[in-house]
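The structure appears right after this line, and notes come after that.
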Amino acid sequence: MISFNFTHLQCFAAAAETGSFSAAGRRLGKAQSGVSTAVANLEIDLGTQLFDRSRKYLRLTKEGEALLRDAQSVIRGAERLEDRALSFCAEEDTHIRIALDEALYPDFIEHVLGPFEARFPFTELDLLTGIFNDVEDYVASGMADIGLVVSAGIPKRLETYTLLSYLPFQAAASATHPLTRKEGVTLGNLEDERQLVVTSRAAEKDTEVTHFSQKRWLVDSYATCAALVERRLGWAFFPASILATVMAERNIVPISLELELREHASPLYLIRSPHKTLGKAGQWLLRELGDFHKTP
């Protein structure tokens, strides 16, 4: 088995990338002679010549070109190892599990996950998605550490929760559905058409949407619901962020409801497990989630 010095690898890569031992020395903070000696020793260890030294500027041999890619890969791996170890010393979380209501996903990715990745690149995230009481079940059972849940009432199975805001819902249907062609749609109009109701996936089918129609289909996914609505198989209530997405991607438009039917909003809670101690990354998440989706 070939053994080699990691510093020798760094000197080899720096010399190849800069074109000279002196430039590599300046980059690494070493003397030119030290870099040259390190590369020579690496050539001895590997049993092959890495540079053609017969010209004014260094030139990689064919063997050197092939081995440079491997050397750079080893160096990058070592740097990642060092960065990850330093993050442990800084008391950053190695793994955080987040349960998220599907109604929040588009905004959450943009406003929370993007900045989080930039700040804590070595913290592993486990993202679980659910609808309504699915999220509370994940946190209460220990499957998730933090959750954002849309619920009609306060979480029943957890003591640690914060009310963040209220999430508006809007009725919508296909642009060719009879309901979208009316102004001031009444309760009677809604009762006459099939309502698609999004529910949780648990055995107890939880939903925060009022049942206006006796003709109902239950659906456990906003994506599936949108596909059914687009095909004129019913109308449904969508959270504001989800509706904005499906309106842009599908032939779906809001229903013009009578004034007394328009207001529909459900509480948004931040919940967390009492059994999980969070480090710097987790505490940052809690602060950001505490401001997430708050009404201005």
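Taking Cα pairs under 8 Å and at least six residues apart, what relative contact order does the chain come out at, in percent?
Working: 493 pairs, mean separation 59.1, N = 296.
For the chain, the relative contact order is 20 percent.
Let a ≥ b ≥ c be the square roots of the eigenvalues of the Cα gyration tensor of the stretch 176-254; is it rounded (a/c under 1.5), or, if not, prolate (a/b larger than b/c) or oblate? Because a/c hits 1.5 or more and a/b fails to exceed b/c, the stretch 176-254 counts as oblate.
May I ask you to work out the translational diffusion coefficient for the stretch 152-296 at 10 °C, viscosity 1.306 mPa s, via Stokes-Einstein with Rh from the Kirkwood sum over Cα pairs, reported in whole µm²/s? My calculation gives 94 µm²/s for D. Against the longest alpha carbon principal axis of the chain, how many degrees, from 0 to 90 and to the nearest 10, is the axis of helix 62-89 turned? Long axis of 62-89 versus the principal axis of the chain: about 60 degrees.
Build a GNM of the chain with springs between Cα atoms under 10 Å apart, and of ARG201, ARG119, ARG53 the one that fluctuates most is ARG53. The residues of the chain have, on average, 53 Å² of accessible surface per residue, using a 1.4 Å probe with all protein chains present. Out of the total accessible area of the stretch 91-180 (probe 1.4 Å, heavy atoms of protein only), what percent is carbon and sulfur? Using a 1.4 Å probe with all protein chains present, the stretch 91-180 comes out at 50 percent carbon and sulfur. For the chain, a crude dipole built from +1 on the beta carbon of Lys and Arg and -1 on the beta carbon of Asp and Glu, taken about the Cα centre, is about 1000 debye to the nearest 20. Highest-first packing order for the peptide set 139-148, 16-25 is 139-148, 16-25, based on the mean count of other beta carbon atoms within 10 Å.
The base-10 log of I(q)/I(0) for the chain, evaluated at q = 0.06, 0.09, 0.10 Å⁻¹, reads -0.38, -0.63, -0.69 [Debye formula, identical scatterers on Cα atoms, solvent excluded].
The values are calculated or read from the model by the stated rules, or taken from the named source; none is laboratory data. Here the structure is a predicted model, which is why all the values come from computation and not from measurement. Cβ coordinates were reconstructed from backbone atoms using ideal geometry, including for glycine residues, and neighbour counts include every protein chain displayed. Heads up: the accessible areas ignore ligands, DNA and RNA and are worked out on the full protein's heavy atoms, side chains in. Shrake-Rupley method; radii C 1.70, N 1.55, O 1.52, S 1.80 Å.
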